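*Asks:* After the structure tokens below, expect a handful of questions from me.
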Amino acid sequence: MIFYIPLLLPHFKQIEIGDTLTSLWSGCGSIVQCQLDNELCVIKAIKIPSYINHPKIKQSEFALKRKQHSYNVEYNFYRLYSQHLPIDAQSIDCINAINKDDEYALVFKDFTKYGFMQAGIGHIKAILKWLAYFHAFNLYKPADGLWQQGNYWHLSTRPDEFNKLKDNLDKKSDIKNAAFKIDEQLQSCDYKTWIHGDAKLANFAASECGEIRGYDFQYIGTGCGIVDVMYFMTSCFNDEQLHEYADEYLAYYFDNLKTAITTYHPQAPVNKIADDWRALWSAAWADFYRFLAGWSPEHQKINSYMLKQVNNWLASNI
């Protein structure tokens, strides 16, 4: 029997399993179409293997526990929080979040049957608005059951990649030497919110009228909103486009953030929050670069725009 069927049986009378749409990261499960009690659904079925086979990650107990925790975080998010998100920053509809031991079945309405499709380049501004409202709505909120520091690349969760970094004799260009200060700077920001933590273009759905829904919340947790914006731009723009458009889209995000904060937190210091997050733009890029340089130093996202931001941070802080 397929492992997730026993998870579904206590919750649904009629279960018809359809096509497998895709496999999850490194054999951790699959995304499956189905019909449950006459509702067209998609199941994210999760069962983490005892050994993760990945070309860039050496198996370790630490890495395995990180992945296990990420799925528990996503389960908690859909079970406890997703239904309370505001109209301007919603997730895809989760019908049920089921867990037993190390197995999970997250059951979603099939968004393709409700006028949504995978978001694309034409939805960049709409997603930046979604991020702005998501960050504003969750400002000051404790991340109970989520990551206490959101995103999948932050320093404390990536010791293997950090240890692969080479020491540089020139301290002014030594990202390994700077890593802890970058992390401290991001963590010491006075104004924290929830960040999506994996806010790439592929993790959003869009309707024909531009309504956005987020998904894949494995790395949601506390952080500064600018981190999501940085990571989102790495998924949308190449090097040339970043040089040309990053400032424009950054301004668009902050215009929406200020409006959203005023809506949800009328007494909050809107301009101070925006200024503090804007000042961490280079730090967010430097932090992601530190991860990439240890994980995959030839990665295509390491480009001249990223290195410009890294050098801006180093010149100002080392």
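The values are calculated or read from the model by the stated rules, or taken from the named source; none is laboratory data. None of the values given here were measured: they were computed from a predicted structure. Here the Cβ positions follow ideal geometry from the backbone for every residue, glycine too, while neighbour counts run over all protein chains shown. Keep in mind that these areas ignore ligands, DNA and RNA; they rest on the heavy atoms of the full protein, side chains included. Shrake-Rupley method; radii C 1.70, N 1.55, O 1.52, S 1.80 Å.
*Asks:* Considering only Leu85, Leu21, Leu186, give the residue with the highest GNM mean-square fluctuation for the chain, with springs between Cα atoms whenever their separation is below 10 Å.
*Replies:* So, out of Leu85, Leu21, Leu186, the one fluctuating most is Leu21.
*Asks:* Another one. Which helices of the chain meet both criteria: a Cα extent of 24 Å or more along the helical axis and a mean Kyte-Doolittle score no lower than 1.6, with helices taken as whole DSSP H segments?
*Replies:* Details: long enough: 239-264 (36 Å, -0.75).
Long hydrophobic helices here: none detected.
*Asks:* Cα-based Rg (one decimal) and Dmax (whole number) for the chain, in Å?
*Replies:* 19.9, 65
*Asks:* Rounded to a whole number, what % of the accessible area of the chain do carbon and sulfur atoms account for, probe 1.4 Å?
*Replies:* Values: 7170 of 14600 Å².
C and S atoms contribute 49 percent here.
*Asks:* Mind grabbing the base-10 log of I(q)/I(0) for segment 152-253 at q = 0.21 Å⁻¹? Debye formula, identical points on the C-alpha positions, no solvent, two decimal places.
*Replies:* Here the Debye-derived log intensity ratios amount to -1.30.
*Asks:* Looking at segment 221-315, which GluC sites (Glu not before Pro) are in a loop (DSSP not H, G, I, E or B) and have at most 14 other Cβ atoms within 10 Å?
*Replies:* Numbers: sites: Glu240, Glu244, Glu248, Glu298; in loops: Glu298.
For GluC sites (Glu not before Pro) across segment 221-315 that sit outside H, G, I, E and B with at most 14 neighbouring Cβ atoms in 10 Å, the list reads Glu298.
*Asks:* Could you compute how fast segment 62-106 diffuses translationally, taking Rh as the Kirkwood radius over C-alpha pairs and applying Stokes-Einstein at 25 °C with viscosity 0.890 mPa s? Give it in µm² per second. Walk me through the numbers before you get to the answer.
*Replies:* On the way: Rh = 11.5 Å.
This corresponds to a translational diffusion coefficient of 213 µm²/s.
*Asks:* With every protein chain left in place and a probe of 1.4 Å, what is the accessible surface of His69, to the nearest 10 Å²?
*Replies:* 70
*Asks:* While we're on this one: Rg and Dmax of segment 228-294 over Cα atoms: what are they, in angstrom?
*Replies:* Cα radius of gyration and Dmax of segment 228-294 are 13.6, 42 Å respectively.
*Asks:* Ranked from highest to lowest mean number of other Cβ atoms within 10 Å per residue, what is the order of the peptides 223-234, 285-296? Show your work: numbers first, answer last.
*Replies:* Numbers: 223-234: 26.1, 285-296: 22.0.
Listed from highest to lowest mean packing, they are 223-234, 285-296.
*Asks:* Right, here's the next one. Compute the accessible area per residue over the chain, keeping the other protein chains in place, probe 1.4 Å, unit Å². Present the calculation step by step, with values, prior to reporting the outcome.
*Replies:* Details: 14600 Å² over 318 residues.
Ligands and nucleic acids excluded, the result is 46 Å² per residue.
*Asks:* What does the extension gain come out to for Lys181 and Thr22, with contour length at 0.36 nm per residue minus their alpha carbon separation? It would help to have the intermediate numbers written out before the result.
*Replies:* Working: separation 159, 0.36 × 159 = 57.24 nm, distance 3.91 nm.
Extending this stretch completely gives an extra 53.3 nm.
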